[in-house]
Amino acid sequence: MTSAGNDEVVAAPRRAAHAAGLRLRRATAADAECVGGICHEAFRAVAARHGFPDDAPDAVSARELASDLIDRDDVYAVVATLDGEVVGSNYLWEFADVTAAGPLTVFTARQAGGVGRRLMEDVLDRACARNATAVRLVQTGYYTASLALYLKLGFEVCEPLMLVQGPAVKRVVAGHTVRAGRVGDVSACVSLCRRVHGHDRRAEVLRAVAKRTLKIVEHGGRVSGYSTGVGFFGHTLGESNADVEALIGATDRFAGPGFLVPLRNTALLRWCLEQGLALVQPMNLMGIGLYKTPSGAALPSVLY
């Protein structure tokens, strides 16, 4: 996708017919157990059907994630009901002008009936109403049904990705020092993110400081990269591959199913393989609206 101007905003999606009795409403705390269970089962079933490892959290973790997202002020949570029964959910992460959609999940017995499309239309409407400059998501590459849905709704593939996993590599990169991040590093991280991505991820950096997951890499006497966590929900970036390699090398464990590497960055993927890491599955960073091809090295989160 070509870079858009900062004044460009997300447009409302085109409508399609939906099942009679389908209704949407804001999620409440009472929905967490149900939607968490749907999320766990939906991802598990899709992975099993395609012969790939299950990248969904276990049932307990899925319910805890749903509860956390529903409770957050910076996440819009919506559920779909059919004849009064909760059959799916979706989220819009609203911590910046560039928003993120998902996870979108639908009860397995209700899939292919328009529920997922309606849930995605709803979060796109929400982004449009907020004048968001972009909506992004990361799609499971082998699941062509979701790829088709997102393409129909106007998403474009911004960056093909590969999910990477394995044991900690414990590698030091010469000339690059990795340390814990602190509040005083936030401005440097924001500035670096703007140079690499063309937009601001300040809220995520501040959250990483609060959770003590922010890591800083310094090279040549300055901050040359950072990571909010090398894993599924964290993003990492640097001026060069060496910065990102240093951050990967200093990570004790890759959280969740692993971390995402752009397929076009073959040098970094080759380095990961040389460290004994494995390529797990293809994924796609997709988006509507503003997008700039990174000018440095970057590992997106499962959000973007």
**Request:** Taking the Cα centre of the chain as origin, work out the dipole magnitude from +1 charges on Lys and Arg Cβ and -1 charges on Asp and Glu Cβ, in debye rounded to 20.
**Result:** 300 debye
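Report, to one decimal in Å, the Kirkwood hydrodynamic radius for the range 164-299 based on all distinct Cα pairs.
Over the range 164-299, the inverse of the mean reciprocal pair distance is 14.9 Å.
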**Prompt:** Taking only Cα atoms, what is the 0 to 90° angle, nearest 10, from helix 59-71's long axis to the longest principal axis of the chain?
**Reply:** 90 degrees
**Prompt:** Cα centroids of the range 123-151 and the range 46-87: how far apart, whole angstrom?
**Reply:** 16 Å
**Fill in**
Two pseudo-spin positions, 7 Å from Cα along C-beta at Asp125 and at Tyr142, lie apart in nanometres by 3.5 nm
**Fill in**
Residue-normalised 222 nm signal for the chain, counting each DSSP H run of n ≥ 4 as -39,500 (n - 2.57), nearest 500 deg cm²/dmol, is -10000 deg cm²/dmol
**Message:** Suppose the Debye formula is applied to equal point scatterers at every Cα of the range 22-154; what is log10 I(q)/I(0) at q = 0.10, 0.17, 0.19 Å⁻¹?
**Reply:** -0.29, -0.89, -1.13
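Say a site is exposed when it is one of the trypsin sites (Lys or Arg not before Pro), sits in a DSSP loop, and has at most 16 other Cβ atoms within 10 Å; what is then the longest site-free stretch of the chain?
73-129
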**Sparse-neighbourhood loop sites, chymotrypsin sites (Phe, Trp or Tyr not before Pro) in the range 38-117 - DSSP loop, at most 15 other Cβ within 10 angstrom** = none
**Request:** Note down the nm distance, to one decimal, between modelled labels 7 Å out along Cα→Cβ at Thr28 and at Arg194.
**Result:** 4.3 nm
**Message:** Using Stokes-Einstein with the Kirkwood hydrodynamic radius over Cα pairs, what translational diffusion coefficient do you get for the chain at 25 °C and a viscosity of 0.890 mPa s, in µm²/s rounded to a whole number?
**Reply:** 124 µm²/s
**Asked** How much length is gained if the chain between Arg49 and Glu156 is pulled fully straight, taking 0.36 nm per residue apart and subtracting their Cα-Cα distance, in nm to one decimal?
**Response** 36.0 nm
**Request:** Quick one: angle between helix 186-197 and the longest Cα principal axis of the chain, in degrees between 0 and 90, rounded to 10, please.
**Result:** 70 degrees
**Message:** How tilted is helix 115-129 with respect to the longest principal axis of the chain? Cα atoms for both, answer in degrees (0 to 90, nearest 10).
**Reply:** 60 degrees
**Asked** So, counting K/R as plus one and D/E as minus one, what does the shell of residues with Cβ under 14 Å around Tyr142 add up to?
**Response** -1
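We did not get these values from a lab; they are worked out from the coordinates using the rules stated. Here the structure is a predicted model, which is why all the values come from computation and not from measurement. With ideal geometry, Cβ positions are generated from the backbone for all residues, glycine too; neighbour counts draw on all protein chains shown.
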